[in-house]
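Structure first, then comments.
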Amino acid sequence: MESRTQRIFLGAAALAAGLNLAPAAAQTEADSEQRSVLDRIITPDMERREINEDKIDSEDFEFGVYYGVMSVEDFGSNEVTGIRLAYHVSEDFFLEAAYGETTTSETSFELLNGSVQLLTPEEREFNYYNLSIGYNFLPGEVFISENWAFNSTFYLIAGAGNTDFAGEETFTYNVGMGLRFFATDWLALHFDVRDHIMDLDIFGEEKTTHNIEAHVGLTFFF
Amino acid sequence: MYPQPKRLLYILLAAVLCCSPGFADDEAMPVVTVADPYIELHSGPGRGYPILHVAEKGESVTILKRRTDWFKVRTQRGKVGWVKRRQMKDTLGPDGRLVDLGDPTIEDFLARRWEFGVTGGDFEGADSLSISLGYRFSDNISAELKLTQATGNISDSKLASVALLNQPFPEWRLSPYFMLGASRIKTDPSATLVATEDRSDNALLVGLGAYYYISRRMMLRLEYNNHLILTSREENEEVNEWKAGLSVFF
């Protein structure tokens, strides 16, 4: 019973509201028509676009190759080649993954002895990979001449990885520093010095070796 | 060995040709209006590079690209430079509304999807190093793919694992999680010590850990894993692994 009366009242109210609203609706329609005419006159004809950061081209990755000299303790200094990929987390920090390889030469003992070979040719291959964190320590400009300056940054870098040498894999720390020299926004030249520190037991007794690498590299940002 | 440098050079050249930056057409590039009194245009994307130009309030600039927290912009007068994200925070879009170009915040951390991480630690006495790629399905659940190499005096191991992570309190800045997974483990005993051969086994893992959101896109991660290696011998082998590392999210 109650619900029926409610329905009647609600129906009546709705009807009344509908009648009341009708002129109002006509009014707003006329209003908006007028406004759109005004809009066309006042607002310049321009495309409305949402600005979304994802659509802005980002260049946080750096990829490149390097070439240099690597001194492997007891096994001579030889040329080294490698590739590197870095992700720049902020203007200060970057993460870098690198892979390099060199072929070591004979030890002094092998050279003097003549007939003794401590390692097979395959074992002489020295391959390493590492994951490092770099810190852009001294960003700034370097001046080639009075009117010719380039952006550059001096960085400190440290990390860990593995080295495959003398028939075994060895956990290796690396510490170093480098200079990243920007030729353009997206092309950079690197001068890098790195110490690869690892414990080797090729001669029967385990010892910590320092293997210094110096290289020049070319990288681009993408 | 020596074709290597040449091959690398070709790859580099091809890559440079394919995606040489800076030549994208202007149509797609967003234009914003400066709302701060002025913004500073540096010669490079970093604090150490000098300010060469400024753009004033009301001037519109085209955003060319972004590197970390810097935007490369071109002003109406054709001056090009890098502006720090903080200064671009209050710029206006073409419709006069504020453009959201703020720093990545804890909200981005809570809404993260992809995660890439590097960890180092101890794998039952051996030094271990891992890289991981994670994808978060929901606030609580994520899946992870992980590669680990552990090198020690007794044996070297390589692991490939898949795991599911559950974060019961994803909204916390220091957020604990537990994980369940399976691995394939390849063990290579040190040849100088023991005369055994390489072996590959399946393993199960349970783990506990925690994320700590540092800032921007970085978080710290601490984790303990217990691996149960299902060997072909009489007894299964248990390995404890502790590690800590850094992750970035996208």
In region B:51-94, what residues are facing chain A (nearest Cβ under 7 Å) and within 20 Å of A:Y135 (Cα to Cα)? B:R66, B:R67, B:T68, B:D69, B:W70
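Yes/no per residue for (1) modelled with pLDDT of 90 or more; (2) aromatic (F, W, Y):
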residue	(1), (2)
A:Y155	yes, yes
A:A158	yes, no
A:G167	no, no
A:Y173	yes, yes
A:L179	yes, no
A:L187	yes, no
A:D192	yes, no
A:H196	yes, no
Kindly evaluate B:R113 against the criterion of being in the same structural domain as B:Q167 (by TED's automatic domain parsing), among the basic types (K, R) and in contact with a Phe, Trp or Tyr (Cβ under 8 Å, 6 or more places away or on another chain). yes
Where the second residue is modelled with pLDDT under 90 and not in a strand (DSSP E or B) and the first is of a type in the set (V, I, T) and crowded, with 17+ Cβ neighbours inside 10 Å and lies in region B:222-250, which pairs have Cβ atoms under 7 Å and are six or more apart or on separate chains? B:I229/B:N236; B:V239/B:E124; B:V248/A:V89; B:V248/B:R217
How many residues does region B:155-170 hold that are in a loop (DSSP other than H, G, I, E, B) and within 12 Å of B:D127 (Cβ to Cβ)? 0
Among the listed residues A:T163, A:T184, identify the single one that is buried (at least 17 other Cβ atoms within 10 Å of the Cβ) and β-branched (V, I, T). A:T163
Inside region A:112-128, can you point out the residues that are of a type outside the set (S, T, Y) and within 19 Å of A:F165 (Cβ to Cβ)? A:V116, A:Q117, A:L118, A:L119, A:P121, A:E122, A:E123, A:R124, A:E125, A:F126, A:N127
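For every residue, the table says whether it meets (1) modelled with pLDDT of 90 or more; (2) over 30 Å from B:P168 (Cα atoms); (3) surrounded by fewer than 16 Cβ atoms within 10 Å (Cβ to Cβ).
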position	(1), (2), (3)
B:I51	yes, yes, yes
B:V54	yes, yes, no
B:Q76	no, yes, yes
B:M88	no, yes, no
B:V99	no, yes, no
B:S130	yes, no, no
B:R136	yes, no, no
B:E144	yes, no, no
From the list B:Y224, B:Y211, pick out the single residue that is within 30 Å of B:R86 (Cα to Cα), within 24 Å of the chain's Cα centre (by Cα) and of a type outside the set (A, V, I, L, M). B:Y211
In the set A:E96, A:E122, A:E101, the lone residue that is modelled with pLDDT under 90 and of a type outside the set (G, A, S) is A:E122
Could you look through region B:213-231, keep only residues that are in a strand (DSSP E or B) and within 14 Å of chain A (Cβ to nearest Cβ), and pick out the one that is farthest from B:D108 (Cα to Cα)? B:R221
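The values are calculated or read from the model by the stated rules, or taken from the named source; none is laboratory data. What you see is a predicted model; the values in this text were computed from it and never measured. FYI the Cβ positions are ideal-geometry reconstructions off the backbone, even for glycines, and counts take in every protein chain you see.
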